1. For Lys142, all conditions in the list (1) at pLDDT 95 or above; (2) not in a helix (DSSP H, G or I) hold save one; what is the number of the exception?
2. From the list Thr116, Thr72, Thr110, exactly one residue is surrounded by fewer than 22 Cβ atoms within 10 Å (Cβ to Cβ) and β-branched (Val, Ile, Thr). Which is it?
3. Can you name the strands (runs of 3 or more DSSP E) wholly within region 16-130 that have at least 2 residues being of a type in the set (Val, Ile, Thr) and out of contact with any Gly (no Cβ under 7 Å at 6 or more places or on another chain)?
4. Would you check which residues across region 244-257 are touching a Gly at 6+ places or on another chain (Cβ under 8 Å) and under 23 Å from Ile144 (Cα atoms) and list them?
5. Would you check if there is a residue in region 182-203 being assigned to a loop (DSSP other than H, G, I, E, B) and more than 17 Å from Pro62 (Cα to Cα)?
6. Where the second residue is small (Gly, Ala, Ser) and not in a loop (DSSP other than H, G, I, E, B) and the first is surrounded by 18 or more Cβ atoms within 10 Å (Cβ to Cβ) and lies in region 75-94, which pairs have Cβ atoms under 6 Å and are six or more apart or on separate chains?
7. From the list Leu213, Leu172, Leu226, which residue is in a loop (DSSP other than H, G, I, E, B) and either crowded, with 22+ Cβ neighbours inside 10 Å or among the small types (Gly, Ala, Ser) (or both)?
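The values are calculated or read from the model by the stated rules, or taken from the named source; none is laboratory data. What you see is a predicted model, and the numbers here were worked out from it, not measured in a lab. All Cβ positions, glycine included, derive from the backbone under ideal geometry; neighbour counts span all protein chains shown.
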Amino acid sequence: MVHWIAQVAFLNAAFGAVANAHGYLKNVEYNGVKYPAWQVGQDEYLTTVPTRYVRRVKDVGPVADFTSKDITCNQGGNIPATGIIDVKAGSKVKFIWDQWGSSHSGPVMTYMAKCTPSCSTFKGDTGNVWFKIDQMAYDPSKNIPWGSDCLARNGATWTVTIPPTIADGEYLLRHEILGLHVAGTRMGAQFYPSCTQIRVTGGGKENPTGVALPGAYDPDDTEGILTELWMIQQGRKGYTAPGGPVWSGAVPNTMSC
């Protein structure tokens, strides 16, 4: 009996450690104001959900099939949120996660896609509508070489700049962490995307395009997805994050780690 109880306690502890290593986007901060995302473990039980600015996510785990439409805005059904954040082109937006475990090393990437005609109907799951505005992958010259570990060091937060020259309008701001801790197995890479709805003003005339999501993430990409952390960290191979390069009109990230 004692042995059985010990086994249960061990399994519960192990499960808790795994669960605690996962995470989801909890709030988005702009100009000193926090805008709530979908609150996992709470909102799904409410009859009337308060205004949320980030599309629903199913849970704190990764997207199970990153070749499916779930990769666009996570596994919550890609249902338009009820709120939208007004932001000025060239200003900063902070993403606040509920937590992030440093064992889940990998890149942090942020994309945008213009909502046509509006975010109330746009899903972004077809066409090359996503352009990357920010990325921190792996830089061995830094004390904290992985983007996700930098995010963890910054209190599970990440800050990006909305490109100053993009055209005004409504956009999905897609922020994502890619955990590579079990990426040596095909389909083992763990993507944690989120889609925040924003309305950009004071911009320019640029209407960039880029990649399709789903479509840009190849499960057989040995440079960015089907790879092993230890080989990269020991310098046995390089690393190139998936999803293509950052758009030329983006503002470089100045976060410190």
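1. (1)
2. Residue meeting the stated conditions: Thr116.
3. Result: 85-88, 92-97.
4. Within region 244-257, Gly244, Val251 meet the criteria.
5. Yes, the conditions are met somewhere in region 182-203.
6. As it stands, the answer is none, since no pair meets every condition given.
7. After applying the criteria, what remains is Leu213.
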